[in-house]
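So the structure is just underneath, and the comments pick up after that.
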Amino acid sequence: MLVSTSDLADIAEKVRAGQRLTFEDGLRLYRSPDIHTLGELASLVRERLHGRTSYYVVNRHINYTNYCVLRCRFCSFYRAYPREDPKDGACPGEPDAAGDPSGGYELSIEQIVEQARQAADRGATEVHIVGGLHPKLPFEYYLDICRQIRRACPQLHIKAFTAIEIIHFGRIAKPRLTVREVLERLREAGLGSLPGGGAEIFDDRVHDEAFRGKVGQQGWFDVHRAAHELGIFSNATMLYGHVETVEERLRHLAKLREHQDWATGSAAAHFNCIVPLSFVPLGSDLAALPGPTGLDDLRTLAICRLMLDNFPHVKAFWPMHSPKLAQVSLNWGVDDFDGTVAYYDVTRREGDGTTRQELTVDQIRRLIRETGGVPLERDALYRPVAPTNSSGGR
Ligand code: SF4
């Protein structure tokens, strides 16, 4: 029972009545000391949509390269590509069998397909593939990733390439291609859907301070708009807890909500979920920042659920939140625990050498059940997956 003395009583009434919240409502939710009412409201909306069901996916992340032409300040993943010697055109530090001393790498198509095959053998239904903006790899490499995985593991859904990678492919293709043409080629090759990465915070000030040079909001929305027009589903993200204010977070959410209104009304596909990403300072140029607290994480996940009334799902990506916080968030508006993941190199909460980030299906199901939830395996598009008897990583 929500207490009437809460400073959120009027917002609670709007949520109960199914009314859309305003920017000012969002600000008050961020500033209110009444965190219990916030959590209860987010849970109410989540249960209205999904009951006690909590979704998870059996998947595998594949990061094909960490070489990147950009230097986003919040990023601990990228490595500079070894420079060519201008005298003879050789690449002295080019990765070889011994590896690049900087920790840079690029995977061959064979290595990528082998990782996908291993995932499929362990019951995965999805591979999630992203990487840096490699200065040398041709567009054909990315088409080949999709084609070869499709050929070797037709049962796997390929969710791949963030908006900035899609734009990069259009620039390196010969001849150059539009965003729409890149997406059409990738879909022909086997692409199933797009992840939501690269959105960060849609704000020019934050962009200049934390990820200057990276595609801004217009480029990000251009890619997702084209995808939705083509019938390709995607996710959305918000990387929070670095140099942005809560007002900037709320404006970011408002832009996503506006796009989703258009997509659900006029396009052939839309965002499946919002993935609020908790900034991990370790190893980045912004390492001096403290990063979000646990309460900020919970508050932000709950506010995403309440503000994004037209998003079907809110995901807690546990490698960035920690499995413990992701578990608690299932009673704070979150309905999707993401997946088994297995390997994740983009963010390492525990520091270098911790790219192996895996939860088994049994662990995920136990974490969900402890919250009073009902675990349901889903595929990449949130369709239920029939239980199997396979074990291994599941
Ligand atoms: S966030 Fe992406 S684009 Fe920016 S430096 Fe890292 S890998 Fe490159």
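Readers should treat all values here as calculations from the given coordinates under stated rules, not as data from a laboratory. This one's a predicted model, so the numbers in the text were calculated from it and none came from an experiment. Every residue, glycine among them, receives a Cβ derived from its backbone with ideal geometry; neighbour counts consider all protein chains shown.
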Residues with amide H under 5 Å of Gly333's amide H, sequence separation 5 or more or different chain, H placed in the peptide plane at 1.01 Å from N; which? Ser43
Count the net charge of all other residues whose Cβ sits under 14 Å from the Cβ of Ala267, scoring Lys and Arg as +1 and Asp and Glu as -1. -2
Starting from the stretch 210-293, pick out the GluC sites (Glu not before Pro) whose DSSP state is loop and whose Cβ has at most 10 other Cβ atoms within 10 Å. none
In the stretch 119-152, the chymotrypsin sites (Phe, Trp or Tyr not before Pro) that fall in loop regions by DSSP, at most 10 other Cβ within 10 Å: none
Any of Lys136/Lys324; Lys14/Lys315; Lys174/Lys214; Lys14/Lys159; Lys174/Lys315 with alpha carbons more than 29 Å apart? Name them for me. Lys136/Lys324; Lys14/Lys159; Lys174/Lys315
Taking 47-53, 17-23 and ranking on average Cβ neighbours within 10 Å, highest first, one gets 47-53, 17-23
HN-Hα couplings for the stretch 158-175 via Karplus (6.51, -1.76, 1.60; θ = phi - 60°), in whole Hz with x for Gly/Pro, come out as 9, 9, 8, 6, 6, 4, 5, 5, 4, 5, 4, 4, x, 6, 8, 5, 10, x
Which residues' amide hydrogens lie under 5 Å from the amide hydrogen of Leu359, considering only partners 5 or more residues apart or on another chain, with H built in the peptide plane? Ala342
HN-Hα couplings for the stretch 133-146 via Karplus (6.51, -1.76, 1.60; θ = phi - 60°), in whole Hz with x for Gly/Pro, come out as 8, 6, x, 10, 4, x, 4, 4, 4, 6, 5, 5, 3, 5
Residue by residue through the stretch 224-239, the couplings from Karplus 6.51 cos²θ - 1.76 cosθ + 1.60 with θ = phi - 60°, in Hz, x for Gly and Pro, are 5, 5, 4, 4, 5, 5, 7, x, 9, 6, 8, 10, 10, 10, 9, 8
Using amide H atoms built 1.01 Å from N in the peptide plane, name the residues 5+ places from Leu277, or on other chains, whose amide H lies under 5 Å from its own. Met238, Leu239, Tyr240
Could you work out how far the C-alpha centroid of the stretch 270-306 sits from that of the stretch 185-226, in angstrom? 18 Å
Kirkwood Rh, Cα Rg: Rg to Rh for the chain? 0.96
